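This report refers to the structure that appears directly beneath it.
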Amino acid sequence: MIKETAKIISIEMVQKMVAERFNVTLNELKSNKRNKNIVMPRQIAMYLARQLTQLSLPEIGGAFGGKDHTTVLHSCKKIVKDLELNAELKNSINGLLFDLKQ
């Protein structure tokens, strides 16, 4: 009998995959820039990090340039809300989830 071992997903893997998918740099993802083309990928990456890692909100915030835990919480709540309304976003996140779990 072969046991499947669960793939361990790191926050660095999430950040790299999201940065590549949305054509932003890791530095931009971790920056304080508020451009829409950077904010949305950052929020998605924070959401995925929360879903796929065992890290706390402060730990996730720290990995994104020292963001406060409330920023991470806001990002996660915003993505959850947007997922209900935006099929394109849902498809993007499902694609990222699939790729990260491979």
TODO: Assess whether Leu55 counts as being buried (at least 16 other Cβ atoms within 10 Å of the Cβ), more than 18 Å from Ile93 (Cα to Cα) and either among the hydroxyl-bearing types (Ser, Thr, Tyr) or within 13 Å of the chain's Cα centre (by Cα) (or both).
DONE: yes
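Yes/no matrix, rows are residues, columns are (1) of a type in the set (A, V, I, L, M, F, W, C); (2) in a loop (DSSP other than H, G, I, E, B):
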residue: Glu28; (1), (2): no, no
residue: Arg34; (1), (2): no, yes
residue: Gln43; (1), (2): no, no
residue: Leu48; (1), (2): yes, no
residue: Gly62; (1), (2): no, no
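Tell me, yes or no, whether the stretch 5-14 has at least one residue that is hydrophobic (A, V, I, L, M, F, W, C), surrounded by fewer than 14 Cβ atoms within 10 Å (Cβ to Cβ) and more than 21 Å from Lys77 (Cβ to Cβ). Walk me through how you get there before you give the answer.
Let us first name the residues in the stretch 5-14 that are hydrophobic (A, V, I, L, M, F, W, C), namely 6, 8-9, 11, 13-14.
Cutting the leftovers down to surrounded by fewer than 14 Cβ atoms within 10 Å (Cβ to Cβ) gives us 6, 8.
The next check asks that each one be more than 21 Å from Lys77 (Cβ to Cβ); those that pass are 6, 8.
Among the residues of the stretch 5-14, at least one is hydrophobic (A, V, I, L, M, F, W, C), surrounded by fewer than 14 Cβ atoms within 10 Å (Cβ to Cβ) and more than 21 Å from Lys77 (Cβ to Cβ), which makes the answer yes.
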TODO: Among the candidates Val24, Val18, Val39, single out the residue that is surrounded by 19 or more Cβ atoms within 10 Å (Cβ to Cβ), β-branched (Val, Ile, Thr) and assigned to a helix (DSSP H, G or I).
DONE: Val18
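Test of understanding: among Ile79, Ile93, which residue is closer than 16 Å to Gln15 by Cβ, in contact (Cβ under 8 Å) with a residue 40 or more places away in the chain and of a type in the set (A, V, I, L, M)? It would help to see each step written out before you state the result.
Values: Ile79 fails: in contact (Cβ under 8 Å) with a residue 40 or more places away in the chain.
Residue meeting the stated conditions: Ile93.
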TODO: Restrict the check to the stretch 59-66 and report whether at least one residue is closer than 24 Å to Lys7 by Cβ, within 14 Å of the chain's Cα centre (by Cα), at pLDDT 95 or above and surrounded by fewer than 19 Cβ atoms within 10 Å (Cβ to Cβ).
DONE: yes
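The values are calculated or read from the model by the stated rules, or taken from the named source; none is laboratory data. Note that the coordinates shown come from a computational prediction; the quantities given were computed from them, not determined experimentally. Virtual Cβ from ideal backbone geometry, glycine too; neighbours counted across all protein chains shown.
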